[in-house]
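What follows is a set of notes on a single structure, which appears directly below.
Readers should treat all values here as calculations from the given coordinates under stated rules, not as data from a laboratory. None of the values given here were measured: they were computed from a predicted structure. Positions of Cβ are backbone-derived with ideal geometry, glycine not excepted, and every protein chain shown enters the neighbour counts.
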Amino acid sequence: MKKQYLFLSILLVAVLALTGCNSGNSNEEIVMDEPVPAGAEDAFVVELDFTADIIIPATITIPAGQQVLFVISNSDTVDLNEDHNLVGPEIGLREIIVVPGQTVRRLWDGYDVPGEYRVGCTIHPWIDMTLIFE
Ligand SMILES: [Cu+2]
């Protein structure tokens, strides 16, 4: 039993050390005004802005199955002045983090099942919006 705890403790320390290194690296890679990624020529452009309270606009309609270029800004440089992220587990949209004052440009495969889906910020769960695929 004691050996198991020792092993778990060592594992925990190792994991913490690794995640510490990773976050340090990603901090160095922040580009405040990201360029358009290669291959975005035919993508459907979705422009979003995080404020301290809401995502603008609240709803966007996207052609189902079409590749999407997200252009997401974080203009929340005063009230919260915090990172925001856009996450949509239901539609396989993995976290896109936007730091205050930053504009990111990210390609996403899109989603091919028509419907309305909520996406939002997991850091501030009250900040969300609806993506409609049709
Ligand atoms: Cu947020």
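Numbers below:
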| item | result |
| --- | --- |
| Around residue 105: net Lys/Arg minus Asp/Glu count, Cβ-Cβ under 11 Å | -2 |
| Positive minus negative residues near residue 58 (Lys, Arg vs Asp, Glu; Cβ under 15 Å) | -4 |
| Spin-label model distance (nm) - residue 122 vs residue 29, 7 Å beyond Cα toward Cβ | 1.7 |
| At 1.306 mPa s and 10 °C, Stokes diffusion of segment 33-133 via Kirkwood alpha-carbon radius, µm² per second | 117 |
| Two-site label geometry, residue 113 and residue 95: point separation in nm, points 7 Å out along Cα→Cβ | 2.4 |
| FRET efficiency for residue 81 and residue 42, using Cβ-Cβ distance with R0 set to 41 Å, rounded to 0.05 | 0.70 |
